[in-house]
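J.: Following this message is one structure expressed as structure tokens.
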Amino acid sequence: MEATVRKRGWLWVWVAALMALSSCRFSGGRRVTGPEDVPPLRRLNVVLVTIDTLRADRLGCYGNSRIRTLNLDRLAQRGVLFENAVCQAPLTAPSHASIFTGLYPPAHQVRDTGGFVLQPSHTTMAEILQRQGWDTAAFVGASVLKNHFGFEQGFALYDDRMPKADAKAPAPEYPERRAAEVVDGAIAWLAAQSGKPYFLWVHVFDPHSPYDPPAPFRDEYRGRLYDGEVAYTDSQLGRLFDAVARKSPADTLLAVLSDHGESLAEHGEYSHGVFLYDSTLRIAFLMSGPGVPAGLRVKRQARSIDLLPTVLEAMGSHAPAGVQGVSLTPAFTGRETSTEHSYAETLYPKLNLGWAELRAIRTSRWKYIRAPRPELYDLARDPGETVNVMGAHPDVVRELDAKLAYQEPEKVQTVMVSRSTVEQLKSLGYLGGSSQQTYALTGQGIDPKDRTGILKMLHLAISPDAGGAPARRIPLLRQALAEDPANPTLYYHLGQEYGSAGRHAEAMKLCRDGIRNGVRTGWIYSRLGRLYLRERNPDEAIAAYEMAAQLNPSDSESLNDLGMAYLETGRVGEAERVYKWSLATGDESALTYNGLGLVSIRKQDQAAARGYFEKAVQLDPNLLEAQLNLGRIYKMIGALTRARACFETFLAKASPAEYGELIPKIKQELAAMP
């Protein structure tokens, strides 16, 4: 429905324009030196596979006999398996930043998925290898690792192309692609390598929600679709491992890690990101290749931050100064490693749900979670973390809490991403980066443990894996909001449901209520602006969009809507300024060029209007307003063949529900053309 408002708005502006034309310790204090500070490396190939959302206990090599993971199991037999491996954050972007830099999240400053960018000042594994002459390529399986989040550093090829979405989708691309497509690209790149050493990163996303394995895994694992995703992923990685073996059988280091695990309702969590229990912190961690003993199982704790120094030491060198991880290669010969303590954090509850953030210190025996109501677990006796033993071990609590020393309150600032990126993140369960905000991390506020009922209602209302009836979504979200009225995520999803149901008055009240309750984000003002446009209230829409632009200056979609509102009120100069601002964000949008075309019509500049409309159609042939606008410009200048082609494209794609009044007029206009 919101898309319809936008399209009708563009058509309304076109008519007016046409008339005008014719008339801490674990904090960020440590700095890593550059890739040039790493001594020369042994010329081994490196293949890194990261598997999103993979629980270690779903692999045969970690003891699971119900899921077929033969390829990863064979890899474990050929190399080393770390039995007690953990990540530094149960979220994709922060965890991958730790894997590539060897730094904890407070140091690399990627604190959530969406809203944070890995800065060029941090040295990555790819940069180190590229600087020393390695060919580098990455193939990623989800939009959460798009290049604008900073993970492309050091990669000559960064393949983050997602499948094109249909015209009805809220974003131009789908947010993920299957492992088969990712592996196909990686294998093709491998086949073209000419002999230089290479670094290949392959990221597969399939175990992440929604759980939707293809046949035959869907049928084989019916009722256990997460397990089916794991089995499917293993089958595709087998093709990759075979291709690596054919290309470079004797001189390749191969590492496979989960970025984090998945909570399958344990502790009242239905995915990951909210809590710091081992269901989401424990990961699979396997390595094989030259210098890696076959069949070794290491019991001592290993961490995501240890991968970088381990790979570099296996290549005869060492990590840059300042890296917080350590090499695990001593464990290959039975020696100790200094990995006793592992830091973990999640800012997701703070940034997305309005609750307190969590931090933790984990050892092989203990897990201490700093929360409004702290927790201590004896992992040796209670691996499921079911009994909080805070009161029984005060000395342990004091020791581990001291490891969490950091300057309070720590402050973090999110960066902005476009509305289409927010939509992609939202579809994967994330809601970061919708506005630029500064957050004080005090550890105070609502304890996420006290909101498991909200998590359950959210899961039932929005997760495709919950199997809930659509009719239950709005009642569930309204109930959750009544219990948790300052939760930004609830406003977002309930607003989406109201919009889909055509309940626009309730959607507007919801936005106003959210702002009154402190939810001052770019998307809530942008949504309010669209609702005002629907009511033909451009002045209020402009005020809302201007606030959205202040909160998120890089949201090209909101800027385009603001430009349309300016045009509707005759503020042509301001519309032009906003459209050019939108282009300056780096997001080349067909809507922006279409808007500049309308501005040019208002300025009676046919040549400029034609150029802008042509660019809009080139970027998005499915933007029917641009097709129609371009067709009319062609007709006005006598280019009738081109005009006819544009009108025919419009008629072929226009739906009667959205363009019912206009379609007969265009047909009549087309029939009257010579």
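The values are calculated or read from the model by the stated rules, or taken from the named source; none is laboratory data. All values reported here derive from a predicted model rather than from experimental measurement. Positions of Cβ are backbone-derived with ideal geometry, glycine not excepted, and every protein chain shown enters the neighbour counts. Side chains are part of the model used for accessible areas, which takes the heavy atoms of the whole protein and leaves out ligands, DNA and RNA. Shrake-Rupley method; radii C 1.70, N 1.55, O 1.52, S 1.80 Å.
J.: With a sphere of radius 13 Å drawn around the Cβ of Ala245, what net charge do the other residues whose Cβ falls strictly inside it have (Lys, Arg +1; Asp, Glu -1)?
T.: Working: positive: Arg74, Arg78, Arg239, Arg246, Lys247; negative: Asp242, Asp251.
Result for the neighbourhood of Ala245: +3.
J.: Give me the net charge for the shell around Gly154: Cβ to Cβ below 10 angstrom, other residues only, Lys and Arg +1, Asp and Glu -1. Display every interim value, and only then the final one.
T.: Numbers: positive: Arg131; negative: Glu127, Glu152.
After counting each charged neighbour, the total is -1.
J.: Can you tell me the FRET efficiency between Arg381 and Gln618 if r is taken as the Cβ-Cβ distance and R0 is 41 Å, rounded to the nearest 0.05?
T.: 0.05
J.: At 0.36 nm per residue, and after removing the present C-alpha to C-alpha distance, how many nm does the segment from Ala501 to Arg239 gain when stretched out fully? Can you show the working numbers first?
T.: Numbers: separation 262, 0.36 × 262 = 94.32 nm, distance 4.45 nm.
That works out to 89.9 nm of additional length.
J.: I'm checking a number: the convex hull volume of the Cα atoms of segment 426-560, normalised per residue, in Å³. What is it?
T.: Working: hull volume 15.9 nm³, N = 135.
Hull volume normalised by residue count: 117 Å³.
J.: Continuing with this model, one more query. Ranked from highest to lowest mean number of other Cβ atoms within 10 Å per residue, what is the order of the peptides 305-318, 501-514? Can you show the working numbers first?
T.: Details: 305-318: 23.0, 501-514: 17.6.
Sorting 305-318, 501-514 by mean packing, highest first, produces 305-318, 501-514.
J.: Right, here's the next one. From the Cα gyration tensor of segment 368-415, with a ≥ b ≥ c the square roots of its eigenvalues, which class applies: rounded if a/c is under 1.5, or else prolate if a/b is larger than b/c, or else oblate?
T.: The shape class here is prolate.
J.: Cut-off 18 Å, label point 7 angstrom out along Cα-to-Cβ of Arg42: give me the residues of segment 235-259 whose amide nitrogen falls inside.
T.: Hits in segment 235-259 for Arg42 at 18 Å: 248-256.
J.: Could you state how much accessible area Ser526 has, in square angstrom rounded to the nearest 10, with a 1.4 Å probe and all protein chains kept in place?
T.: Per-residue accessible area (Ser526): approximately 0 Å².
J.: Among the lysines, select those whose C-alpha is under 21 Å from the C-alpha of Lys653, and discard any that sit fewer than 8 residues away in the same chain.
T.: Lys7, Lys164, Lys168, Lys615, Lys635, Lys665, Lys667
J.: Report the extension gain between Ala294 and Glu483 in nm, rounded to one decimal, defined as 0.36 nm multiplied by the number of residues separating them, less their alpha carbon distance.
T.: Working: separation 189, 0.36 × 189 = 68.04 nm, distance 5.40 nm.
Between Ala294 and Glu483, full extension yields an extra 62.6 nm.
J.: Nearest 5 is fine: what % of DSSP beta bridges in the chain come out antiparallel, could you say?
T.: Numbers: 27 of 53 bridges.
Roughly 50 percent of the DSSP beta bridges within the chain come out antiparallel.
J.: What nm value, rounded to one decimal, do you get for the distance between Ala402 and Arg516 when each label is placed 7 Å out toward the C-beta?
T.: Label-label distance for Ala402 and Arg516, simple model: 5.1 nm.
J.: Would you kindly state how much longer the chain becomes between Arg536 and Arg246 on full extension, computed as 0.36 nm times their sequence separation minus their alpha carbon distance, in nm to one decimal? Before the final figure, lay out the partial values.
T.: Details: separation 290, 0.36 × 290 = 104.40 nm, distance 6.39 nm.
This chain segment gains 98.0 nm when fully extended.
J.: I've got another one for you. Each residue of segment 292-297 in turn: what ³J(HN,Hα) in whole Hz from Karplus with 6.51, -1.76, 1.60 and θ = phi - 60°, glycine and Pro shown as x?
T.: Once rounded to whole Hz, the list reads 9, x, 7, x, 7, 10.
J.: What is the mean projected area of the alpha carbon convex hull for segment 118-171, to one decimal in square nanometres? If you can, show how the numbers build up before the last one.
T.: Numbers: hull surface 17.0 nm².
Its average projected convex-hull area is 4.3 nm².
J.: How much area per residue is accessible in the chain when the probe is 1.4 Å and only protein heavy atoms are counted (Å²)?
T.: On the way: 25240 Å² over 674 residues.
The answer is 37 Å² per residue.
J.: While we're looking at this one, here's another question. Rounded if a/c is under 1.5, else prolate if a/b beats b/c, else oblate: with a ≥ b ≥ c from the C-alpha gyration tensor eigenvalues square-rooted, which is segment 214-316? Could the numbers behind the result be given before it?
T.: Numbers: a/c = 2.93, a/b = 1.32, b/c = 2.22.
It comes out oblate by the Cα gyration axes.
J.: What is the diffusion coefficient of segment 162-286 in µm²/s, taking the Kirkwood radius over Cα pairs and the Stokes-Einstein relation at 4 °C with a viscosity of 1.567 mPa s?
T.: Values: Rh = 16.6 Å.
D = 78 µm²/s.
J.: With r as the distance between the Cβ atoms of Glu658 and Ala188 and R0 = 35 Å, compute the FRET efficiency 1/(1 + (r/R0)^6) and round to 0.05. Before the final figure, lay out each step's value.
T.: Working: r = 40 Å, r/R0 = 1.14.
Given R0 = 35 Å and the Cβ-Cβ separation, E is 0.30.
J.: Among (i) 0.95; (ii) 1.04; (iii) 1.00, which is the computed Rg/Rh (Cα atoms, Kirkwood Rh)?
T.: Given (i) 0.95; (ii) 1.04; (iii) 1.00, the structure-derived one carries the label (iii).
J.: Okay, next question. Once both labels are modelled 7 Å past Cα along the beta-carbon direction, what's the Arg577-Thr641 spacing in nm?
T.: In this crude label model, Arg577 to Thr641 measures out at 4.4 nm.
J.: In whole percent, and with a 1.4 Å probe on the protein chains, what portion of the accessible area of the chain is carbon and sulfur?
T.: For the chain, the apolar C and S fraction of the accessible surface comes to 51 percent.
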